[in-house]
Amino acid sequence: MATGSRPWGTLLLLPLLLPTACRAGGGCAGEGGPLEPFDALYASGVEAYYGGDFAGVARCMERALSSRRELRAARLRCRRSCRGQVRLAAPGPGAGGDLPFFGSVLRRAGCLRRCEERLLGATSRHRTAEEVGADFQRRVPYSYLQRAYIQLNKLEEAANAAHTFFMANPEHMEIQQDIENYKTTAGKVDLIDLEAKQHMEDYSAGVRHYDKEEYELAIDFLERALKGYYSEDEDCQLMCEGPQRFEEHEYLEYKAGLYEAIADHYMQLLACKHDCVRELATRSGRISPIENFLPLHYDYLQFAYYRVGDYVKALECAKTYLLFHPDDEDVLENAGYYEGLLEGMMDPDTVKPRKEAKTLLRRHKLESHLLQVAAAGLGYTYTEPNYWNRYGARQDEHSVPSSISSEPEDGPRLSLAKKPMPKPDRELKEGGPLLYSDVKFVYNSQQLNGTQRVLLDNVISEEQCRELHRVANGIMLAGDGYRGKTSPHTPNERFEGATVLKALKYGYEGRVPLKSARLFYDISEKARRIVESYFMLNSTLYFSYTHLVCRTALSGQQERRNDLSHPIHADNCLLDPEANECWKEPPAYTFRDYSALLYMNADFEGGEFIFTEMDAKTVTASIKPKCGRMISFSSGGENPHGVKAVTKGQRCAVALWFTLDPLYRELERIQADEVIAMLDQEHLGPSEMNINPKDEL
């Protein structure tokens, strides 16, 4: 990243926070004083970066990261201590019976305030803007740090900082290239994730040893992972006891009664605690958790203990796994087999599931019950996630290794249920008619090394490209379609866009030629017809979103640029390259079924459209845009794609997303249809192109 281009992250508020502590040559916190707020240290580090003070960047970012860790540790210490010192009293009967309970609440609140003020100073100093918290969640400080370390010639520290950032931002191509450079120039092969969750690291190590059939080591790491998991679960529960957001209420106007206010706060706290299961199963920087994460520990362990001859532990872990999945046939059979091995030596019924798992599961079920009661009685909206999805299972290919000839054929088997590939709800076809004689077929799915892909040329003419470009220049606004962000995907390009309805509105008002504005509407309809026909869909394809977008390379920010114009992604699911999965869940647009991009020009540098494997790295096809060229494909995880950096000039295209579900039709498109009907009634006429496929092939 060049010094002149900022890593993403909302930093607009940070200059207001700047202390004098981190100015060039200064320290980052008062020695022996209260803990310096990490957001102020972060702001100082950013200021030092843009002032070229790389020693200051390293000093302040290191302190910011340390301060954030110390803040969390202090809050945990106080909450744990005050929970032990002040027990909540049970309410009594009759008038005033609630006083003992509320008295203990007040005493605990006082305990927490005194403790935190002693360790942290005034608590208001540590209230952080959400934008800054999001930057730390995305590990943005490590992006600054690795650049600073390079300037300070600390290559090993730079490599670890880059790796730590990359683990939460795997789509960031510039960091990928930096890491490869470190491996080459510094010989740095073993990179350290400085923010790794230790229980997750132990789990991964245990699975690796298990896969190598190193069962003793697998047991050591998996048991350590479980110990860490339950410790982190306790911490997660305590951290939920902080302030909560009341999105539906303006605080100063909030007039809830006593019990309504308690219920509002407690239900948010309870939802936070209930979600700790998901939090602890989610890798850094990912949205979706490892499925069936906690039960999998016991599933691996029951077989590992069997392989080392500890049948009591094997049975214990099998019974623990069955707490989560009591109908799992494979593990039920394993448990029965272990009981048979123990008969004559001990009573297998004395072997019980592990207490910590029973306690957690009992608490989790009670939390779920209370949340559902609140949803029914207090007007909350709540849907219980499937936290223990059994599709997440060990991926073993054998029950007992064939090299152990003495093992009985009816010996323990592993729970082999693998997560099935999602089955499409329709038959996938392609190769239907293109409807228009001037449209030229270029490549199909096989030639593009994928599934449900097609590349076409001459979808619109050179003159129509020029006319559409003129319309674009007259109606586009920076950040339109990107929630006002002029550089939503990269700080090195400016994005401008416009919708069909906006184009027609401008045409009707005379701000652009009406026939030119209608051209946008007509060519998008032509594209929809082609996609629906080529993929031989047996139901209507509706518009989900239509967007004319241009991306322009910003001068002075293209040198040594390695990022993408649009990071690798899928259009209807959340791509998780490390897990080799694409999670079809919000905030992804899960209702999108097909996508298309119709290009308007070629007079720019870079900007190639690329398909990749699900690892977001292996490119399977690269397409150079030009006037009239259209790429279309199904919108799911089978088609990860992105756009290479536009390094010179402006790249323009009509981006189209379609759905087979009429419930998700584009509202602006429906309004645009009404405008077109009105124009036709007024005999204002269509554009020069004819979208009716009379000359069908």
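Relative contact order of the range 451-679, taken over Cα pairs closer than 8 Å and 6 or more residues apart, is 28 percent. Distance between the pseudo-spin-label points of M678 and S66 (7 Å out from Cα toward the beta carbon): 6.5 nm. Report note on the peptides 354-363, 44-53: ranked by the mean count of other C-beta atoms within 10 Å, highest first, their order is 44-53, 354-363.
When the Cα gyration tensor is reduced to axis lengths a ≥ b ≥ c, the ratio a/c is 1.5 or higher for the range 54-143, and with a/b above b/c it is classed as prolate.
Each residue was assigned an accessible area with a 1.4 Å probe, and for R63 the value is about 70 Å². Comparing Cα centroids, the range 277-340 and the range 74-119 end up 38 angstrom apart. When each of the peptides 633-639, 578-584, 338-344 is scored by how many other beta carbons lie within 10 Å of its residues on average, the order from highest to lowest is 633-639, 578-584, 338-344. Structure note, pairs K505/K648; K440/K644; K505/K624; K212/K365; K515/K584; K502/K617: Cα-Cα distances above 30 angstrom occur for K505/K648; K505/K624; K212/K365; K515/K584; K502/K617. Three principal axis extents of the range 451-679 based on alpha-carbon atoms, in descending order, are 51, 47, 32 Å.
Most tightly packed first, judged by the mean number of other beta-carbon atoms within 10 Å of their residues, the peptides 93-104, 509-520 read 509-520, 93-104.
With protein chains left intact and a 1.4 Å probe, residues in the range 451-679 average 39 Å² of accessible area per residue.
The values are calculated or read from the model by the stated rules, or taken from the named source; none is laboratory data. On a predicted model such as this, the values are computed, not experimentally measured, just so you know. Glycine also receives a Cβ, built like all others from the backbone with ideal geometry; neighbour counts cover every protein chain displayed. Accessible surface areas use protein heavy atoms only, side chains included; no ligands, DNA or RNA. Shrake-Rupley method; radii C 1.70, N 1.55, O 1.52, S 1.80 Å.
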